[in-house]
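Take a look at the structure set out below.
FYI, it's all coordinate maths here, none of it is from the lab. Everything quoted here is computed from the prediction, not taken from an experiment. Neighbour counts run over all protein chains shown; Cβ positions are idealised from the backbone, glycine included.
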Amino acid sequence: MKLTLARLISSVTNPIVFLLPLPYLLVFRVTGDDGLALKWFFFSTAFISVVGMFVLYAVHRKIFTDFDVSRRNQRHLLFAVVGAVSFVYLLGLIFLQGPPVLYIAIACIFISIFVFSIINIFLKASIHLATFSAFVFILAVMYGERLLLLLLLMPVIAWSRVQTKRHSIDEATIGGFAGVLLTLGMYIVLKYVFHLSMP
């Protein structure tokens, strides 16, 4: 029963689950334009789906052991694919003159890929926890600090990752803190170095 619950929690907190609504939430909060937000949601979903389909293909061909890409030596390829897809996404943003907030988001992804590639040399930090904590922090900045209370769910997600034997407690903890610190660092740089106004 515990393992079934842990697997369910791991599935619903997959990084793609949090990445999918993020473009809509960011664009809508900045512009207040529902139509524009939906446009960029669908545009972004196409690229996120490419990554998802690649993971499915890689698992099918046994390039990846599982959908979580839980083996550290397999993550280099995942990071490379995410980086390549993100670069094409950036080109699309430039060509279509996308909202500035999405340039910030894609910059965060590039920085995250770099940081997690470095961390991955030493240990397999949880991308589930990193994505969740970053998502919550971004929502708190954009929509109100009370949303930081959602971080109280981090121990539940960490438990699910440990229970399913995808991560150790240290790996889950480092992933969660890395997500918060990366997002906090970007927020500080954008607000106090580049003096960009935050919603």
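Laid out as a table, the results:
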quantity	calculated
Prolate/oblate/rounded label for segment 107-199 (Cα gyration tensor, a/c 1.5)	oblate
5 Å binning of all Cα-Cα separations within segment 2-193, expressed as whole percents from 0 upward	1, 7, 15, 20, 21, 17, 11, 5, 1, 0
Angle in degrees between helix 22-31 and the longest Cα principal axis of the chain, rounded to the nearest 10	20 degrees
Rg and Dmax of segment 50-101, Cα atoms only, in Å	13.6, 39
Radius of gyration and Dmax over the Cα atoms of segment 2-87, both given in Å	15.3, 44
Cross-link pairs beyond the 31 Å C-alpha cut-off, checked among Lys39/Lys165; Lys62/Lys124; Lys2/Lys62	Lys39/Lys165
Helix 127-143 axis, angle to the chain major axis (alpha carbon atoms, nearest 10°)	30 degrees
C-alpha long axis of helix 169-188 to longest principal axis of the chain, angle in °	10 degrees
Options Leu139, Gly179, Ala6, ranked by Cα towards positive dipole end of the chain, top entry (Cβ charges)	Ala6
Label zone at Val193, where the point sits 7 Å out along the Cα-to-Cβ direction: segment 71-114 residues whose backbone N lies under 20 Å	100-114
Selected from Asp33, Asp68, Asp170 as most flexible by GNM, with the chain as the system and alpha-carbon contacts under 10 Å	Asp33
Zero-based 10 Å bins, Cα pair distances in segment 38-134, whole percents	14, 45, 32, 8
Ser117, Ser86 arranged by Cβ crowding within 10 Å, fewest neighbours leading	Ser117, Ser86
